[in-house]
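K.L.:
Take a look at the following structure, please.
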Amino acid sequence: MRSRDSATGGQLTIGELAAHFGLAPHVLRHWEAMGLLDPVRNTAGHRRYHPADVTRVAVILRAKEAGLGLETIRALVSAGGLGTRRGILRREAGILRARIAAAQASLERIECALGCGHEDITRCPHYRRLSARATRPSSP
């Protein structure tokens with residue numbers, strides 16, 4: 001990010017901050033409306049972003065890359081304490097583990113089908129076992 005002169009006090013406009021991260025300005029406005037960002041306003045009412053806001057945008061983007069939704073990110077950044085934050089992250093880790101397990105099961109079925117010599121995959125005993133295992137209800 002380019003350095004700003006002393007007249008701006010290191011503050012960025014919405015366009016500059018958006019461009020730094022490759023975002024459209026409307027994304028930052030949406031995040032502000034959701035309570036994820038709280039930029040200061042200059043005397044003309046224009047948004048001005050400080051270095052802490054740059055860090056906040058980076059945190060939001062990394063959290064989105066990790067699969068977290070904006071509501072969860074808002075809960076995380078406004079969490080009142082370590083216990084609250086850990087509780088949110090434990091829940092999200094469990095959700096992610098379940099998605100990973102489902103993806104691994106799907107990959108196993110695809111790899112089974114790739115290695116199967118049957119003309120009709122539904123006649124393959126191994127594939128049928130995998131498919132039956134995938135459709136069984138989970139035990140409580």
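The values are calculated or read from the model by the stated rules, or taken from the named source; none is laboratory data. The shown structure was predicted, so the numbers you read here are calculated from the model rather than taken from an experiment. Glycine also receives a Cβ, built like all others from the backbone with ideal geometry; neighbour counts cover every protein chain displayed. Side chains are part of the model used for accessible areas, which takes the heavy atoms of the whole protein and leaves out ligands, DNA and RNA. Shrake-Rupley method; radii C 1.70, N 1.55, O 1.52, S 1.80 Å.
K.L.:
Please give the per residue accessible area of segment 1-113, computed with a probe of 1.4 Å over protein heavy atoms only, in Å². Walk me through the numbers before you get to the answer.
P.N.:
Numbers: 6970 Å² over 113 residues.
Ligands and nucleic acids excluded, the figure is 62 Å² per residue.
K.L.:
Give me the percent relative contact order of the chain, please, defined on Cα pairs under 8 angstrom at least 6 residues apart.
P.N.:
Working: 76 pairs, mean separation 19.1, N = 140.
RCO, the chain: 14 percent.
K.L.:
Over the chain, with a Gaussian network built from C-alpha contacts below 10 Å, which listed residue (G81, G15, G94) shows the highest mean-square fluctuation?
P.N.:
G81
K.L.:
Here is a follow-up. Would you kindly find the accessible area of H20, with a 1.4 Å probe and non-protein molecules such as ligands, DNA and RNA excluded, rounding to the nearest 10 Å²?
P.N.:
80 Å²
K.L.:
Work out how much length A24 to R85 would gain on full extension: take 0.36 nm times their residue separation and subtract the Cα-Cα distance, in nm to one decimal. Display every interim value, and only then the final one.
P.N.:
Details: separation 61, 0.36 × 61 = 21.96 nm, distance 2.90 nm.
Full extension of this stretch gives 19.1 nm more.
K.L.:
If a paramagnetic tag sat 7 Å from the Cα of I110 along the Cα-Cβ line, which residues of segment 68-101 would have the backbone N under 17 Å from that point?
P.N.:
99-101
K.L.:
Please return the longest range in the chain lying between exposed loop sites, taking trypsin sites (Lys or Arg not before Pro), DSSP loop only, at most 16 other beta-carbon atoms within 10 Å, and leaving the sites out. Please report the intermediate quantities before stating the final value.
P.N.:
Values: sites that count: R2, R4.
Answer from the scan: 5-140.
K.L.:
Any chance you could tell me what percent of the C-alpha pair distances in the chain go past 27 Å? Intermediate results must be reported in sequence, preceding the final value.
P.N.:
Numbers: 4766 of 9730 pairs.
Here the tail beyond 27 Å accounts for 49 percent of pairs.
K.L.:
I'd like to verify something in the chain: which complete DSSP H helices, judged by Cα projection on the helix axis, reach 20 Å or more and average at least -1.0 on the Kyte-Doolittle scale?
P.N.:
Numbers: long enough: 51-65 (21 Å, 0.27); 82-115 (48 Å, 0.10).
Helices passing the filter in the chain: 51-65, 82-115.
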